[in-house]
Each structure stands twice: as C-alpha cells, then as structure tokens.
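Have a look at the structure below before the remarks.
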Amino acid sequence: MKKNLLIIIPARSGSTRVKNKNLRKVGGKSLIEIKIKSCLQIKNASVVVSTNSIKIARLSKSYGAQVPYLRSKKYSTSKASTIACVLDLMRFFLKNKVNIPEYIAVCPPTNPFLKAESIKGSFNKLLKNKDLNSVLGYTVSTDHPFSFISIVKEKIKFNIIKFQKKTYSQFERTQDWPKSYIGSAAIKISKRSYFMKHIQNKTPNLNLKTFDLSNALGFCINEIENFDINREFDVKLANFLFKLKTTNNY
C-alpha cells in the first residue's frame, strides 16, 4: 500500500433502523457502490471497506475496493465505535506488515451525495496545513441553536442556549441570527499519527472521535452532500433528491 491516503468505508451489516442499509439503493445503485466508486476517483488513495458481511465484501471487491478481512463480531455490534473499527483495521495491517498511508479518511456509505471533489478538497486542505491533525466536513445548520426550547410543566422556556454571546430574545428577525454550522459525518480525514496514539486500545466501544477535536480544520460542503441516511424515510427522500438532482443538473 504505497498511497498517501487510506479511505476507510465502514459498512457493517445488522443495522436496526434501516434494514440492510448499506445495500439500499439510491438512483438504482446501492449506497456501498456509490461510495466506493466516488472514493476510487481520488488519486493516490487506497479504498478499503470494513465489513462483517460476506455479501458486502463480495460486492465491494467487484466494485474495486479492497476488503482485507471480515470484521469480527466484537467490532460489528451497534455499540461498536467507528474509531474502534479503524484501529482494528490498522492493527491488521501492522500485523501483516502492510504499509499504512500517512493520512486516513473515514467516509460512510450513508452520505450518497458527497462529491469526490469534496474529498479531494478536504485532503488537499490538510496537506497544506501540516501542523494540524484533522479536517472535518461541515455545513450550515438548518436548525439554529436559538430555535431550541425546553418544556417545563408544559410551559415553554426560551433563551436556553447562548450562541456567540447572544440569545434568542436579542433578535426580532431570524435572518439577523449569527450563522451556525454543524460538523458532518460525511468526511473526516486525520493523520495516521493521531490514530497510532490509541493503536493498543482494543475496546470495541472506544469513546473517541475519528478526528482530533483540539486540532482540526473545517471544509465546507453543501447541505445535499451532508445528507445522511438513518431512517426509512431518508431512503425515499434520497431517491427523490437524486431525481431532482438529475433533472435540474445540480
């Protein structure tokens, strides 16, 4: 593995909210196929699928991705964290004397509209800022912190969140609210050294992020790229968005 970027696509079977989620189709193609083919457009990148499913493994290989082994049950439960699976894969490579690229990206199949250009742009941004450890996709939030309320004995409480030292009651018009953003699960890239610090931790539900919270850059993606499939409704909405995207060429 002589590439300088390793793209890991976590794709376990056994999802509960959306059955066979990674094999569900958007625009006639499965989520795993869409993600693999998008990631394969990145030059100098190795694309590896981490899965516990024989079917997903077989299909992934047919689409051009590497599947070095089937993930064990220990790292395939609903409680297993993504970083635990990444570390498990890295330990496999180290044990088998496979070179691990300097940068590692995590790109779930459930963000079908993430563009290859955004993965490239994120990676290039991190390459240009070598003093930082990670880059994380982000987008403008559709739910602003000022919109959050609490209910106490059926009575609404406002101003429960202060954002940029301001509160809801200080603004009459929503268009005057300071912009807020959310981190995206669609693309996260970190230096290999960030993961190596935890390489000996084999806890399946390890409570750590796949990026360095204290030393990360942001890369802006649009709302459609950030779209994440977590419910049955999301599958239907994704297919609608695909048709709309195709019809309007955006």
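Please tell me if Asn20 is more than 27 Å from Gly121 (Cβ to Cβ) and surrounded by fewer than 14 Cβ atoms within 10 Å (Cβ to Cβ). So Asn20 fails the test.
Screening the candidates Lys43, Lys3, Lys37, Lys79 for the property of being charged (D, E, K, R) and assigned to a helix (DSSP H, G or I) yields one hit, Lys37. Please determine, by comparing only the residues of the stretch 80-98 that are without any contact (Cβ under 8 Å) to a residue 60 or more places away in the chain and of a type in the set (Lys, Arg), which one is surrounded by the most Cβ atoms within 10 Å (Cβ to Cβ). Filtering the stretch 80-98 for residues that are without any contact (Cβ under 8 Å) to a residue 60 or more places away in the chain and of a type in the set (Lys, Arg), the one surrounded by the most Cβ atoms within 10 Å (Cβ to Cβ) comes out as Lys95. Val18 passes every criterion in (1) under 15 Å from the mean Cα position of the chain (by Cα); (2) not in a helix (DSSP H, G or I) apart from (1). Where strands (runs of 3 or more DSSP E) sit wholly within the stretch 142-247, those with at least 3 residues that are hydroxyl-bearing (Ser, Thr, Tyr) occupy 181-191.
When the stretch 122-155 is filtered for residues that are among the small types (Gly, Ala, Ser) and closer than 30 Å to Met196 by Cβ, the ones remaining, listed by number, are Ser122, Ser134, Gly137.
The sole residue among Pro101, Pro112 that is in contact with a Ser or Thr (Cβ under 7 Å, 6 or more places away or on another chain), in a loop (DSSP other than H, G, I, E, B) and in contact (Cβ under 8 Å) with a residue 60 or more places away in the chain is Pro101. Summed over the stretch 30-65, residues that are modelled with pLDDT of 95 or more, at negative phi and more than 19 Å from the chain's Cα centre (by Cα) total 9.
The number of residues in the stretch 194-250 that are of a type in the set (S, T, N, Q) and more than 30 Å from Asp131 (Cα to Cα) comes to 6. Restricting attention to the stretch 209-232, does a residue exist that is under 19 Å from Lys74 (Cα atoms) and either in the same structural domain as Lys120 (by TED's automatic domain parsing) or not acidic (Asp, Glu) (or both)? For the stretch 209-232, residues under 19 Å from Lys74 (Cα atoms) and either in the same structural domain as Lys120 (by TED's automatic domain parsing) or not acidic (Asp, Glu) (or both): present. Tell me yes or no: at least one residue of the stretch 106-124 is surrounded by fewer than 15 Cβ atoms within 10 Å (Cβ to Cβ), farther than 24 Å from Phe233 by Cβ and not charged (D, E, K, R). Yes, some residue in the stretch 106-124 is surrounded by fewer than 15 Cβ atoms within 10 Å (Cβ to Cβ), farther than 24 Å from Phe233 by Cβ and not charged (D, E, K, R). Screening the stretch 125-140 for residues that are assigned to a loop (DSSP other than H, G, I, E, B) and exposed (fewer than 15 other Cβ atoms within 10 Å of the Cβ) and picking the one that is modelled with the lowest pLDDT gives Lys130.
The values are calculated or read from the model by the stated rules, or taken from the named source; none is laboratory data. Just so you know, these numbers come straight off a predicted model, no measurement behind them. Quick reminder, even Gly has a Cβ in these numbers, built from the backbone with ideal geometry, and neighbours come from all protein chains shown.
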